[in-house]
Amino acid sequence: MTRILFVCLGNICRSPMAEFVFRDMVKKRGLSAQFIIASAATSTEELGNAVHYGTTAKLAQYGISTEGKRAVQLKAADYPLYDYLIGMEQSNIFAMRRILPTDTDNKIYRLLDFSPQPRDIADPWYTGDFDTTYNDISEGCTALLNHILSEQPKPTTFYPLSFK
Ligand code: 4NP
């Protein structure tokens, strides 16, 4: 069993998109029973709210529903419940490190650190561009799933200590 928590600022655009895209990927491979997949926010801005229309509309193009998902906040108590706690961008990682206990088990990653081109997921909040976000998230989820299935060494990421 592999347990994954995707994390972004509000838990209405990017991390729910990653949650439902990854769920769809493992379902299509017949692997659903081997995964626990969820998403959470670092902020309180959108708690209790449904997934943003831009994300639901984009995922609907691929037959993926986000029904029932409501924004929840990341808690320190989540740390032992997951194997991977995965932020969408570097600022999410900094916020996650403030909420979570010290990452003694190396569980905290940025999604596209699993890609050959490590970078932040495009943020659609100000641009309204959910297409680029979807492409980034598909790339990241594919790379993450390949990593898990092949048990490659975990990626290393440089986070400047000054941000801590
Ligand atoms: P998300 O998008 O972090 O991808 O869910 C955002 C949601 C809310 C805000 C910013 C981004 N906000 O500023 O409230």
For segment 89-103, check the following and say yes or no: at least one residue is more than 15 Å from the ligand (Cβ to nearest atom), within 11 Å of the chain's Cα centre (by Cα) and modelled with pLDDT of 95 or more.
no
Evaluate segment 122-131: report whether one residue or more is buried (at least 18 other Cβ atoms within 10 Å of the Cβ), aliphatic (A, V, I, L, M) and part of a helix (DSSP H, G or I).
no
All conditions in (1) away from the ligand (no atom under 16 Å from the Cβ); (2) in contact (Cβ under 8 Å) with a residue 60 or more places away in the chain; (3) not hydrophobic (A, V, I, L, M, F, W, C) are true of N106 except (2)
Only one residue in Y134, Y126 is in contact (Cβ under 8 Å) with a residue 12 or more places away in the chain, hydroxyl-bearing (S, T, Y) and either within 16 Å of the ligand (Cβ to nearest atom) or under 14 Å from I4 (Cβ atoms) (or both). Which one?
Y134
Name the single residue, out of those in segment 74-85 being in contact (Cβ under 8 Å) with a residue 60 or more places away in the chain and touching an Asp or Glu at 6+ places or on another chain (Cβ under 9 Å), that is nearest to P16 (Cα to Cα).
L85
All conditions in (1) more than 14 Å from the chain's Cα centre (by Cα); (2) within 13 Å of the ligand (Cβ to nearest atom); (3) acidic (D, E) are true of E67 except (2)
Considering only helices (runs of 4 or more DSSP H) fully contained in segment 1-108, which possess at least 3 residues that are open to solvent by 60 Å² or more (accessible area, probe 1.4 Å)?
14-28, 90-99
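The values are calculated or read from the model by the stated rules, or taken from the named source; none is laboratory data. It should be emphasised that the depicted structure is a prediction, and the values quoted were computed from it without experimental measurement. Note: ideal-geometry Cβ built from the backbone for every residue, glycine included; neighbour counts use all protein chains shown. What goes into the accessible areas is simple: the full protein's heavy atoms, side chains included, and nothing from ligands, DNA or RNA. Shrake-Rupley method; radii C 1.70, N 1.55, O 1.52, S 1.80 Å.
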